[in-house]
Amino acid sequence: TIELWIGKPKAKVNGETKWIDPNNHNVKPIIKNDRTMLPLRFVAESLGCTVDWNPDTRTITITYEG
């Protein structure tokens with residue numbers, strides 16, 4: 001279970017409270033233009049995925065090997 005709150009830099013993952021980004025406490029879910037934006041890396045990694053960023057192509061690759 002992943003619980004996130006708009007404007008809060010902490011989340012609960014399986015009942016354990018964690019910083020969404022321990023190095024940047026400004027990372028938090030927001031609402032922008034009537035859309036809810038979630039921290040993709042945090043959500044994906046909490047689900048057991050690997051997240052890779054390619055700065056040259058500005059591409060995110062999410063891999064799950066369950």
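Determine the dipole magnitude for the chain: charges of +1 sit on the beta-carbon of Lys and Arg, -1 on that of Asp and Glu, nothing else is charged, the reference point is the Cα centre, and the result goes in debye to the nearest 20.
That gives a dipole near 340 debye.
Name the chymotrypsin sites (Phe, Trp or Tyr not before Pro) in the chain that are in a loop by DSSP and that have at most 12 other C-beta atoms within 10 Å, would you?
Trp5, Tyr64
Report, ordered by chain and residue number, the lysines lying within cross-link reach of Lys32, taken as a straight Cα distance under 17 Å and ignoring same-chain residues fewer than 8 apart.
Lys8
Hey, if we sort Leu4, Leu47 by accessible area with the 1.4 Å probe, largest down, what's the order?
Greatest to least solvent exposure: Leu47, Leu4.
Can you give the translational diffusion coefficient of the chain in µm²/s, computed by Stokes-Einstein from the Kirkwood radius over Cα pairs at 20 °C and 1.002 mPa s?
166
Between Tyr64 and Arg41, what is the label-point separation in nm under the 7 Å Cα-to-beta-carbon projection?
2.0
Within the chain, which GluC sites (Glu not before Pro) sit in a loop by DSSP and count at most 13 neighbouring Cβ atoms inside 10 Å?
Of the GluC sites (Glu not before Pro), the ones in loops of the chain whose Cβ has at most 13 other Cβ atoms within 10 Å are Glu65.
If you roll a 1.4 angstrom probe over the protein chains with everything in place, what fraction of the accessible area of the chain belongs to carbon and sulfur, to the nearest %?
Answer for the chain: carbon and sulfur cover 47 percent of the accessible area.
Towards the positive end of the charge dipole of the chain, with charges on Cβ (+1 Lys, Arg; -1 Asp, Glu), say which of Met37, Thr50, Ile62 has the farthest Cα.
Of the listed residues, the answer is Met37.
The values are calculated or read from the model by the stated rules, or taken from the named source; none is laboratory data. Just so it is clear, the model here is predicted, and its values are computed rather than measured. Here the Cβ is made from the backbone with ideal geometry for all residues, glycine too, and neighbour counts use every protein chain on show. Note: accessible area is taken over every heavy atom of the protein model, side chains too, but ligands, DNA and RNA are not part of it. Shrake-Rupley method; radii C 1.70, N 1.55, O 1.52, S 1.80 Å.
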